[in-house]
1. Please report, largest first and rounded to whole Å, the three semi-axes of the ellipsoid equivalent to the chain, where each semi-axis is the square root of five times an eigenvalue of the C-alpha gyration tensor.
2. Based on the alpha-carbon set only, what is the convex hull volume of the stretch 297-371 divided per residue, in Å³?
3. Ignoring everything except DSSP H segments at least 4 long, calculate the 222 nm mean residue ellipticity for the chain; use -39,500 (n - 2.57) per segment, divide by total residues, nearest 500.
4. Can you tell me which aspartates and glutamates have their Cα less than 17 Å from the Cα of Lys489? Leave out same-chain residues fewer than eight positions away.
5. For the stretch 212-217, what does the Karplus curve 6.51 cos²θ - 1.76 cosθ + 1.60, with θ = phi - 60°, yield as ³J(HN,Hα) per residue in whole Hz, taken in order and with x for Gly and Pro?
6. Could you name the lysines whose alpha carbon sits less than 29 Å from that of Lys178, not counting residues in the same chain fewer than 8 places away?
7. Per the 1.4 Å probe, what fraction of the accessible area of the stretch 316-364, in percent, lies on carbon and sulfur atoms?
8. Subtract the Cα-Cα distance of Thr356 and Lys178 from 0.36 nm times their separation in residues, and report this length gain in nm to one decimal.
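The values are calculated or read from the model by the stated rules, or taken from the named source; none is laboratory data. Model, not experiment: these values are computed from the prediction. Please note: Cβ atoms are built from the backbone with ideal geometry, for glycine as well, and neighbour counts cover all protein chains shown. For accessibility, only protein heavy atoms count, side chains too; no ligands or nucleic acids. Shrake-Rupley method; radii C 1.70, N 1.55, O 1.52, S 1.80 Å.
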Amino acid sequence: MLDEKYNFQKVNDNRTSGVLMHISSLPGPYGIGTMGENARKFVDFLVNAGQTYWQVLPVGPTSYGDSPYQSFSTFAGNPYFIDLEYLKNDGLITQEELNPLNENVDIEKIDYGRLYHERYEILRRAFERFDLSSIDFSSFCKQESFWLNDFSLFMALKDANNGNSWTQWDEKYKSRNKQALKEFEETNKKDIFFHLFIQYIFYKQWIALKEYANSRGIKIIGDIPIYVAEDSSDVWANPQLFLLKPDLTPAFVGGCPPDAFSDAGQLWGNPVYNWDENKKENYRWWIERIRSSFKIFDCVRIDHFRGFESFWQIPAGDDTAKNGSWQKGPAYDLFRQIKEDLGDLPIIAEDLGYMTKEVYEFRQQTAFPGMKIIQFAFNEEMNSEHIPHNYTTDYVVYAGTHDNETLRGWIDNQDHALLQRAKEYAGLTEEEGYNWGIIRLCMTSVADTAIFQLQDLLDLGNWARMNLPGTLGTNWQWRAKELPSDELKDRLYRYTKNSNRLRK
């Protein structure tokens, strides 16, 4: 008989899994995935496959390069994700107006140029028919006033300036002259209200989708970049929070030194924070950013989490990231304030890239789970921190992220020796499918959570890759041509059950 002093708890209570697929990648009409019926059907797929999480990329309005990590606002929602069928059902647009949007559309690739020219036009038609005296609309505008007023004014000013960056506007608007902004507001109320309307519709549809997912036991993992875009209402409205020159252009920009994603490092171009000033304001902007994120997500992954401990600062104007230098960030001081104001929050720390003892200690101090990537696991010595025998439970393991090759692309591009190590370690066979062997390896690891891109469940090649860091023009375009099949659902359920990760 076992000694009663031992309290044997189930060590697997926290084991979960989920699927990473951005809203834009959902199948459906009109050129891009939306928050409509197919989003709910995807939730149903996750439910029936035994999953716990649906992970998405940042959902803000995209700017240059179409990247969800470069947005006009960290608080706003992407107008492209608004479901047009729902607007039709609300009597705000007609089927005749929608029909041209579906002509000659590539169902597996997003044409952002076409979206830019067509989507705002149809949304303006909906806006013309919307009752601005709606109590719900007024309540939303009041509730989100911390960011929404600046954002709607910013977007109206961009429209009036042919879409140019705010750093190219007249000085009176660039420097936020109060009288000039007041006069602009008085003469451009309709354009300002159009952007208020877009955000109202986005949030209305998103909250309804989230409530549907939550009612079925699915939690949504969101994603926020550590930095914001230079051309954003965030920087325009809060220049004191960033290291800017007197002309309000960045003095330094963010990026990272050479790492597993890029041999030359990455030059992101985002202005870096003036952390001293943020601290003087008790991190108010950051508190509101995190608070806003948890209105629409159940859990938040913070990109480039190591940048809070120390960050790679590159002189603005440099052509590469190589001349940067490490600077100290706020580290736990910021998250102490977040915890004090908002309580304990389910946050995933994207702790990839160049890691130091201080970064590891910082993550442990926050108690946030970190990330492991199987594609980084099979070095020659088989001692990588990403190989499962080196895991502890406080991690989220990914076969690959949006920045990686797809599993099929990765398998096809590996040298013989590395692939042989992976085959031997994971027992990969063609009969099972190499992609499913890697998925099994993630599922059976001790990591509390395992997440898989839909492309990898479908065994798609690099043509379906979401992003190749350091490149422009061909990223963020992949779409699923149809919803996942029953066969895929059943197989994912079996792997989830066999690794004791079924949704509790």
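1. Those come to 37, 28, 22 Å.
2. About 114 Å³ per residue, rounded to a whole number.
3. -11500 deg cm²/dmol
4. Within the straight-line cut-off, Lys489 pairs with Asp44, Glu432, Asp456, Asp459.
5. The phi angles translate into 5, 4, 4, 5, 9, x Hz.
6. By straight Cα distance, Lys178 reaches Lys142, Lys158, Lys189, Lys190, Lys245, Lys279, Lys280.
7. Accessible surface attributable to carbon and sulfur in the stretch 316-364 totals 44 percent.
8. Contour length minus the Cα-Cα distance gives 59.5 nm.
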